[in-house]
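Worksheet for the structure shown next.
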Amino acid sequence: MTKKWWKEAVIYQIYPKSFNDSNGDGIGDLRGIIEKLDYIEELGVDVIWLNPVYKSPNVDNGYDISDYQRINEQYGSLDDFKELLAKIHEKGMKLIMDMVLNHTSDQHEWFQQAKSAKANKYRDYYIWHKGKNGQEPNNWGNYFYEGAGSAWEYDQKTGEYYLHNYSKKMPDLNWKNENLKQDMFKMLRWWLDMGIDGFRLDAINRLIKPEGLPDSKRPPTPPVGIRGYVVDREMCANQPGIHELLHEMNQEVFSKYNIMTVGETGNVNSDIAINYVKAEKQEIDMVFHFEIAKNPVLVTVPQFKAIQQRWYGIIEQNGWITQYLSNHDSPRQVSRFADDRELHYQSATMLATLLHTLPGTPFIYQGEEIGMTNVEFPSIEYYNERYTVGKYYTMLEKGVSPEEALSQLRMMSRDNARTPMQWNKSENAGFTNGKPWLSVNPNYEQINVEQDLKGKRSIYQYYQELIDLRKKNSVMVYGNYRPVLAEIDHIVAYIREYEGVKWFILTNFDRVNTEVNIPQNILESKVAVILSNYPESESKLAKTMELKPYQTIVYQLTDLV
Ligand code: NOJ
């Protein structure tokens, strides 16, 4: 297998708005990140991924870019950015930017020009269409939030509709236009020439829209709007032409630099994903799939194992994969997949062990390294995130009580991940001296960086150990992956093997004790415990073992027969 720095890296995702506020305006900023670089460096991570920090009216927290080459004033200036980049590099780390190529803000100069006249040279940078029988060009609904209506907006002045799969303030770009493509390639090179180390590519499999923009054949999505719009995310995903485009982007831009690219790809399974990430294809390095963290339905442990197995197939076919359990669009992993109360430490460390020892590049989302949890805000006014707020009101319209609506929405709200980083137990968790843009999680007095580091059992230190192990042991990166004990529902166990080194990872993904019979061939090997989240307990292998709640042990095996 080809060695690459980004296969070996551990990546730390920062949601700048919620990380650290240096100027008291209640919004995290670039100087705030600079202040915390030692903290990130000490964790041991190699790469920082920043959610969008470009100029933006913030209709979608920065995913609506109005100028790709300027920094949003709320985060600082381009000089601040350059200083951040230089300091990250001084520390031997790297920086990747979140790049949004599917749409711009409606405030972007291109769109302002495009809507000024049909003959404008930027008109075709976006997707314009005449109406059909006095209605929108097709039945697509946008996916900005539930019940948000059509994916088309009528422009009075020029008498045509433009496509916006997200907000009407985020028009979709037309990648079939050669000038747009070349302008984008130039812009990507501009960032890379500045020295950044790669991109997380937002909605990257949606850049090409289907020929003829046909209606979706699916039934209208509830709540059925006046026209019965269909929110069908498949329509613009993985369309013919997308691979040619990404290959060209790779050849014209990415391949000229020693960088990494990770695409955000909804509507992919592992069979589709391989076509984006197979090394020979020369498109992008890896993708984020939605099967675990962003699945609205909680996966069972057997499903979790099956998903791991399927995606590992990509590595066997000369591609690469990601591991993540949380990000800014999904709930906090410790609340979603395990126990964020009594078994908080065990849960957080068990999940961390899986994240770092399963095949693929691990992505840590800010705060997960101290076990930050979901938030339970008392009423809808505290929420900011549009899916939660939008869905809340459609539920009330359907007669659901406010309490019931909140209790249903809390678990999946993206605000769970976006509450400010909990640094200490001072007011606002040490995130800001002002009023935070989103309330801090009230549990910050118990869960915060200072507290975690003081404790006997520090989650941060456990992450440090895992990351350090990953640096020193290629088996964690390049080792092949062989599941064992697959038939026991709540056990996730596997062997990683590389150049004669064999590690056995044994995990109880359950809140109660679970008994396992260790396979004979494993029992016959010499065993050393590398890491465990119950260090005080007996970690020797025995024929029958009773694993404690969320217990996880990493063994080194020798003389395996
Ligand atoms: C995916 C991003 O992660 C999400 O936060 C954003 O709302 C959409 N793409 C639209 O850009």
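Just a few scattered comments:
- Rolling a 1.4 angstrom probe over the protein heavy atoms with all chains in place gives the stretch 479-558 an accessible area of 45 Å² per residue.
- For the chain, the 222 nm mean residue ellipticity estimated from helices alone, with every DSSP H stretch of n ≥ 4 adding -39500 (n - 2.57) and the total spread over all residues, rounds to -8000 deg cm²/dmol.
- Value in Å of the Kirkwood radius, where the stretch 166-271 supplies the Cα pairs that are averaged: 15.8
- Nonlocal amide H pairs with Q13, under 5 Å, H built at 1.01 Å: W49, I364, Y365, Q366
- Sum of side-chain charges, T349 neighbourhood, beta-carbon under 10 Å (Lys, Arg +1; Asp, Glu -1): 0
- The mean sequence distance of close C-alpha pairs (under 8 Å, at least 6 residues apart), as a share of the length of the chain, puts its relative contact order at 13 percent.
- Between 0 and 90°, nearest 10: helix 242-252 axis offset from the chain longest Cα axis: 80
- Rounded to whole Hz, the Karplus (6.51, -1.76, 1.60) HN-Hα couplings of the stretch 426-434, x for glycine and proline: 6, 3, 6, 6, x, 6, 8, 8, x
- Our coupling estimate for the stretch 147-161, obtained by passing each phi through the Karplus curve with A = 6.51, B = -1.76, C = 1.60 and θ = phi - 60°, is x, 6, x, 5, 8, 10, 10, 7, 10, 3, 4, 9, x, 10, 9 Hz, Gly and Pro reported as x.
- When the solvent-accessible area of the chain is split by element, carbon and sulfur atoms take up 47 percent of it, the probe being 1.4 Å.
- Relative contact order %, the stretch 175-282, counting alpha carbon pairs below 8 Å whose residues are six or more apart: 36
- Karplus-based coupling profile of the stretch 39-51, in residue order and whole Hz: 4, 6, 4, 5, 4, x, 5, 9, 9, 10, 10, 9, 4, with θ = phi - 60° in 6.51 cos²θ - 1.76 cosθ + 1.60 and x standing for Gly or Pro.
- Calculated on the Cα set of the chain, radius of gyration then Dmax: 23.9, 78 Å.
- Considering only beta bridges that DSSP places wholly inside the chain, some 60 percent are antiparallel.
- Rounded to the nearest angstrom and listed largest first, the equivalent-ellipsoid semi-axes of the stretch 479-558 from its Cα gyration tensor are 19, 14, 12.
- Residues whose amide H falls under 5 Å from that of E264, counting only those 5 or more places apart or on a different chain, are L201, D202, A203, I204, F288, with hydrogens built in the peptide plane.
- Per-q log10 I(q)/I(0), the stretch 117-161, q = 0.19, 0.22 Å⁻¹ (Debye; single scatterer per alpha-carbon; no solvent): -0.65, -0.81
- Angle in degrees between helix 78-90 and the longest Cα principal axis of the chain, rounded to the nearest 10: 20
- Low-density loop cleavage sites - trypsin sites (Lys or Arg not before Pro) in the stretch 480-561, where at most 16 other Cβ are within 10 Å (DSSP): R511, K540, K543
- Selection of trypsin sites (Lys or Arg not before Pro), the stretch 49-132, meeting DSSP coil and at most 14 other Cβ within 10 Å: K91, K118, K121, K130
- Cross-link pairs K94/K502; K132/K169; K176/K281; K91/K186 - those with Cα-Cα distance over 27 Å: K94/K502; K91/K186
The values are calculated or read from the model by the stated rules, or taken from the named source; none is laboratory data. The structure displayed is predicted, hence computed values, not measured ones. Backbone-built Cβ (ideal geometry, glycine too); neighbour counts: all protein chains shown. Side chains are part of the model used for accessible areas, which takes the heavy atoms of the whole protein and leaves out ligands, DNA and RNA. Shrake-Rupley method; radii C 1.70, N 1.55, O 1.52, S 1.80 Å.
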